[in-house]
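Peer 1: Quick one: the structure is below, questions incoming.
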Amino acid sequence: MANGFKLITVLSIPIYINYTWFIVFSLVVSTLAMNYFPQMGPYYSPLAQWGMAFVTAFILFTSILMHELAHSYVAQRQGITIKSITLFVFGGIAHMLGESRTPRGEMKIAAAGPALSLLLSGAFWGILYFQDQAMPASPLMAIAHFLANTNMILAIFNLIPGFPLDGGRILRAIIWERTGNIGKATLITSRIGKGFAIFLIIIGLWDILQGAFIGGLWLIFIGIFLQQAADEGYRQTLLHRALSSVTVRDVMTTPVIVVSENMPLDRIVNDFFFRYRFNSFPVVLEDRLVGIVSLHDIKDVKKEEWPYKSVKDIMCADLPDFTISPGSGAIEALNRMVESQHGRLVVMEDGKVAGIISQRNIMQMLKLKADLSNT
Ligand SMILES: [Zn+2]
């Protein structure tokens, strides 16, 4: 994970924190300590205000994490793997490998997050309700009041029916169920999502003109983020639909050009990388796959050392990392290539190299499908 670090693992999902998150966390803490709590109870000491702000911000971000975990838990029960959850500047994102196969399933996953936020909001309202009425402005009450409100706002914001927000996903599932066409459902709801994003940007600009600079800027950022997410979500759905029935065997290249583990680097650069212009080659020893060597492994070695180093000194020998079975789906292959950074995956069948697959193979298949559907 590039711009962050792993915090903990929950439900066997690693939780990452993006560095941008620290900016928001400090903004929330300082806003609470300097503006919110002084208004709620003017007699809190500065130390108490900062302490309360810290605790409140911590519970708020835990609430956001629980929202994502609710989506993830329901998705896991449908057999979808959650690779990670990342907390970043605008909240959380659960990285799911795969999508629900049915509209009902999609609806349940989408609804779980806002449902949990509403539940949390209700719990904090409950604390407020049962609070000792003799201490109306206790720190506990001030904290619960803020969390009851923000969890409710979180639920309502996410229920706006524009894709990829949760509400947009629910609406998409409803249209999908009615029409049987997930592509059309995604198109409609991502347009609503983009419309809402533009609305946020306009409100943000208006706020800035009125002098509310920071608040306006936030709205503009969120608007831009949502607009990009709507576009990206729509492209992803089209990609998944086009590739859903394509397997690795359908697109892999055969025969495979392999290198031997004892070849010196200057030789494989000249005889293989320059000649075939692939960015990686499987490495074999007596017909047996032992590794993969890629261009960026070679770039790490000084040019003067190339004649004295052989492929086995620099190759990646972690076979599960770069091999795939011919029956796997093209989408899985694409995900694996993006994650592993090998560029190409070696297709293994019965312990033997059966072919090789690259992003280019998959893109060519996509283009072919698009060309044929236009005729
Ligand atoms: Zn959500």
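Peer 1: So, with +1 on the Cβ of K and R and -1 on the Cβ of D and E, and no other charges, what is the size of the charge dipole of region 60-184 about its Cα centre, to the nearest 20 debye?
Peer 2: On the way: 9 positive and 6 negative charges, 107 e Å.
For this selection, approximately 520 debye.
Peer 1: Show me, for region 50-60, the HN-Hα J-couplings you get by feeding each phi into the Karplus relation (A = 6.51, B = -1.76, C = 1.60, θ = phi - 60°), rounded to Hz, glycine and proline as x.
Peer 2: Each residue's phi maps through the Karplus curve to give 5, x, 4, 4, 5, 4, 5, 4, 4, 5, 4 Hz.
Peer 1: Sticking with this one: Which of Lys184/Lys367; Lys108/Lys194; Lys303/Lys352; Lys83/Lys194; Lys312/Lys352; Lys83/Lys108 have a Cα-Cα distance over 29 Å? The partial results should precede the final answer.
Peer 2: Working: Lys184/Lys367 20 Å; Lys108/Lys194 23 Å; Lys303/Lys352 33 Å; Lys83/Lys194 27 Å; Lys312/Lys352 19 Å; Lys83/Lys108 19 Å.
From the list (Lys184/Lys367; Lys108/Lys194; Lys303/Lys352; Lys83/Lys194; Lys312/Lys352; Lys83/Lys108), the Cα-Cα distance tops 29 Å for Lys303/Lys352.
Peer 1: Kindly express, to the nearest 10 degrees and within the range 0 to 90, the angle between helix 182-209's C-alpha long axis and the longest C-alpha principal axis of the chain.
Peer 2: The angle comes out near 50 degrees.
Peer 1: Evaluate the Kirkwood expression for the hydrodynamic radius of the chain, namely the inverse of the mean inverse distance over all pairs of different C-alpha atoms, and round to one decimal in Å. List each step's numbers first, then the result.
Peer 2: On the way: mean 1/r = 0.0413 Å⁻¹.
In the chain this quantity evaluates to 24.2 Å.
Peer 1: If you put +1 on each Lys and Arg Cβ and -1 on each Asp and Glu Cβ, how big is the dipole of the chain around its Cα centre, in Debye rounded to 20?
Peer 2: On the way: 30 positive and 27 negative charges, 176 e Å.
About 840 debye.
Peer 1: Which whole-number percent of Cα pairs in region 53-94 have a distance greater than 12 Å?
Peer 2: Values: 519 of 861 pairs.
Taking all Cα-Cα pairs of region 53-94, the fraction more than 12 Å apart is 60 percent.
Peer 1: To continue, here is another question. Taking H as built 1.01 Å from N, whose amide H comes closer than 5 Å to the amide H of Ala354, not counting residues under 5 places away?
Peer 2: Answer set, sorted by chain and number: Val347, Met348, Glu349.
Peer 1: Right, another one. Could you work out the percent of alpha carbon pairs in region 248-374 separated by over 23 Å, rounded to a whole number?
Peer 2: 32
Peer 1: Which whole-Hz couplings ³J(HN,Hα) result when phi for each residue of region 117-130 is put into the Karplus expression 6.51 cos²θ - 1.76 cosθ + 1.60, θ = phi - 60°, listed in order with x for Gly and Pro?
Peer 2: Karplus values, whole Hz, x for Gly and Pro: 4, 5, 4, 4, 4, x, 4, 6, 4, x, 4, 4, 5, 8.
Peer 1: If I stretch the segment between Leu97 and Asp231 completely, what's the gain in nm (0.36 nm per residue apart, minus their alpha carbon distance), one decimal? Before the final figure, lay out the partial values.
Peer 2: On the way: separation 134, 0.36 × 134 = 48.24 nm, distance 1.89 nm.
This chain segment gains 46.4 nm when fully extended.
Peer 1: Here's a follow-up. Once amide H atoms are built 1.01 Å from N in the peptide plane, which residues 5 or more positions from Leu159, or in another chain, come under 5 Å H to H?
Peer 2: Residues meeting the criterion, in which the H sits 1.01 Å from N, are Gly167.
Peer 1: Under a GNM of the chain (C-alpha, springs under 10 Å), which listed residue has the highest mean-square fluctuation: His95, His342, His296?
Peer 2: His296
Peer 1: Still on this structure, I have one more. Quote the charge dipole size of region 248-374 about the Cα centre in Debye, to the nearest 20; the model charges only the Cβ of Lys and Arg (+1) and of Asp and Glu (-1). Can you show the working numbers first?
Peer 2: Numbers: 16 positive and 18 negative charges, 92 e Å.
Dipole magnitude for region 248-374 comes out near 440 debye.
Peer 1: Over the chain, what relative contact order in percent results from Cα pairs under 8 Å that are six or more residues apart?
Peer 2: Numbers: 551 pairs, mean separation 37.0, N = 375.
10 percent.
Peer 1: Quick one: among Ile188, Ile203, Ile170, which has the greatest mean-square fluctuation in a GNM of the chain with alpha-carbon springs under 10 angstrom?
Peer 2: In the Gaussian network model the winner is Ile203.
Peer 1: Along region 25-36, what does the Karplus equation 6.51 cos²θ - 1.76 cosθ + 1.60 (θ = phi - 60°) give for ³J(HN,Hα), rounded to whole Hz, x for Gly and Pro?
Peer 2: 4, 5, 4, 5, 4, 5, 4, 5, 6, 9, 10, 6
Peer 1: Moving on to the next point. Give me Val347, Val251, Val10 ranked fewest to most by other Cβ atoms within 10 Å of their Cβ, as a rough exposure proxy. Before the final figure, lay out each step's value.
Peer 2: Details: Val347 26, Val251 22, Val10 15.
Neighbour counts put them in this order, fewest first: Val10, Val251, Val347.
Peer 1: Under 5 Å between amide hydrogens, which residues at least 5 positions from Tyr16 or on another chain qualify, with H placed 1.01 Å from N in the peptide plane?
Peer 2: Leu7, Ile85, Thr86, Leu87
Peer 1: Taking region 236-281, how much of its Cα-Cα pair set, in percent, is spaced more than 18 angstrom apart?
Peer 2: Values: 517 of 1035 pairs.
Percent of Cα pairs beyond 18 Å in region 236-281: 50.
Bear in mind these aren't lab numbers, they're just calculated from the coordinates by the rules spelled out. Source: prediction; values computed, not measured. Cβ coordinates were reconstructed from backbone atoms using ideal geometry, including for glycine residues, and neighbour counts include every protein chain displayed.
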